1. Take the residues in region 583-602 that are crowded, with 24+ Cβ neighbours inside 10 Å and over 29 Å from residue 378 (Cα atoms); name whichever of them is modelled with the highest pLDDT.
2. Which one of these is closer than 20 Å to residue 474 by Cα and surrounded by fewer than 24 Cβ atoms within 10 Å (Cβ to Cβ): 487, 515, 498?
3. Looking at 497, 470, can you tell me which residue is part of a strand (DSSP E or B) and touching a strand residue (DSSP E or B) at 6+ places or on another chain (Cβ under 8 Å)?
4. Return only the number of the condition from (1) modelled with pLDDT of 95 or more; (2) in contact with a helix residue (DSSP H, G or I) (Cβ under 8 Å, 6 or more places away or on another chain); (3) surrounded by 22 or more Cβ atoms within 10 Å (Cβ to Cβ) that residue 637 does not satisfy.
5. Go through region 672-695 and give me each residue that's surrounded by fewer than 19 Cβ atoms within 10 Å (Cβ to Cβ) and more than 18 Å from residue 225 (Cα to Cα).
6. Please indicate, with yes or no, whether at least one residue in region 327-337 is buried (at least 21 other Cβ atoms within 10 Å of the Cβ) and in contact with a helix residue (DSSP H, G or I) (Cβ under 9 Å, 6 or more places away or on another chain).
7. In contact with a helix residue (DSSP H, G or I) (Cβ under 8 Å, 6 or more places away or on another chain), under 23 Å from residue 211 (Cα atoms) and not in a loop (DSSP other than H, G, I, E, B), is that true of residue 695?
């Protein structure tokens, strides 16, 4: 292990000696990290920029070429291994004591020296030699069954020695064989769309989005932009509803002195009896020692404002894979109807062998089986495993027309990928989505005792399961009264996760601000805005801070049409061990199983964003994204676009580091290079938002007679 560290650092130092200069200012009042003792080193400061000695070595504030080689290999090893207390202590010593002393030079602005590199390597060698077999506990976690996936650990990953050795061998071979190109090299080698202006020009348009753009436009068959304008409640064609009657108020203590669980659930039941309406929480602090469930159409939970109404959930035991506030439908599916012809990417029309049982206005899902052929086509043989041989729902749609004579069905939203008959492509009618529900104008917290946060896994504050045409508006997190007053976990808002959407369609999440998760460890924790197997989700004007992966697509095939508009992310952090706040920078990202045709739009990532091949991590995540657009991105983080097939980075701010080089970590099997255009020129890009421009065009076309 020590030899590998030394080899990686020296290789990168030789090729990028002038770039390996960490920036550790801007934390704790700007004091250098090295001026503080190791015990005082914290992984995150109040500002959005943070750095510890561990970050300086493993990627928190280094240039992308350095971080991509060191951060991911160590993180993948950590994610695949459940540490015993003995090994946790070893890693604490390695990351806190050794790095705080031997690598102080790393945070002074100087390039790594041979002495500092050798110091780390020697420390790693010592740690490795001192370990006994009993110190390392590995647990092989079987891949969850597809039917249980929503309840399964999203990050459960194989930990056997063979997988570990294979991953290390691949990483070392890649590192030894070639050095990572600079950001400038990556940009120069990508496709040139010809859109950016000459220096000094006021504005420019992408070659892929001319003034008279149409959804079928493209430079060629492989280079085009999907129409992302269908995302959101009712396809963003109407404003979010503002129901005013009936209103049932929750009558309970507003100072947190009493449990309001029964009072709130009774109000929810009363609204259901009335056929829908508003459950109103007035100003104050409402305490819930239990959980809340909404399962009736048209139910809206509303407060007086996110700064005035606070919902405080205290239950921390028995919450694995659950949410404290759940909106849940009861989804059922009809018979499988096979496609008789391949479904065409970007087409709304599919031809079936039969249309029996289908009706206009009905919801359906279109999917196919993860066949050996599908796996091989994507270069994922031996990587994808959790869903192999199983039918997966890729696109959630509504029927707008049926032609019984031609056996064709017209859908409300185009396909986002080719649906092949050879993979068993088919549609299944659906019933039972929970509709017209929302939560708005309130704040939520569920953090508790720090040890309890780490004893639970994948706990969300708010869960939407099988919801269609729903929304979250003006929902914030706040410091939980149950959180410790000092030490680890103090000041926390959330136990682990924030908002989690599972198998949903047409959802808007607007003006929501979540942060400060207690459990930011492996196994699917610390996800502030999480989307799973959902279609046409719009997250706009939101922020996530101090989670693990603040904005994330996760677990399973079938997320498409997800739009992240004008959102900000900062302080993403993968905590190494419960006992100490030390770990790795963690980006927002596509996390698992080929998310198709999503849009990251005019957003800011100070901690980075990733769309890469994650290989065997997280039970064979493999290629995580394809045909996704990163448009007008900003922030100080590193944006990695290494997508299967074609991906797009169009417009970025000068401070944002863009990586598309196939030699970068996560680039295996992602040729050709993703399309880049206007890197560093995002401020002059017109339009500033692709989603809003496409929506304007679509609504104008729809309004024409």
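1. That would be 583.
2. Numbers: 487 fails: closer than 20 Å to residue 474 by Cα; 498 fails: surrounded by fewer than 24 Cβ atoms within 10 Å (Cβ to Cβ).
None of the others qualify; the one that does is 515.
3. Working: 497 fails: part of a strand (DSSP E or B).
Of the residues listed, the single one that is part of a strand (DSSP E or B) and touching a strand residue (DSSP E or B) at 6+ places or on another chain (Cβ under 8 Å) is 470.
4. (2)
5. 680, 683, 684
6. From region 327-337, those buried (at least 21 other Cβ atoms within 10 Å of the Cβ) are 327, 329, 337; that's our starting set.
From what is left, the residues that are in contact with a helix residue (DSSP H, G or I) (Cβ under 9 Å, 6 or more places away or on another chain) are none.
No: zero hits.
7. For residue 695, the condition - in contact with a helix residue (DSSP H, G or I) (Cβ under 8 Å, 6 or more places away or on another chain), under 23 Å from residue 211 (Cα atoms) and not in a loop (DSSP other than H, G, I, E, B) - is met.
Every residue, every condition in (1) within 33 Å of the chain's Cα centre (by Cα); (2) farther than 22 Å from residue 466 by Cα; (3) buried (at least 19 other Cβ atoms within 10 Å of the Cβ), yes or no:
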site: 212; (1), (2), (3): yes, yes, no
site: 237; (1), (2), (3): yes, no, no
site: 269; (1), (2), (3): no, no, no
site: 288; (1), (2), (3): yes, yes, yes
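The values are calculated or read from the model by the stated rules, or taken from the named source; none is laboratory data. None of these values were measured; they are calculated from a predicted model. Neighbour counts run over all protein chains shown; Cβ positions are idealised from the backbone, glycine included.
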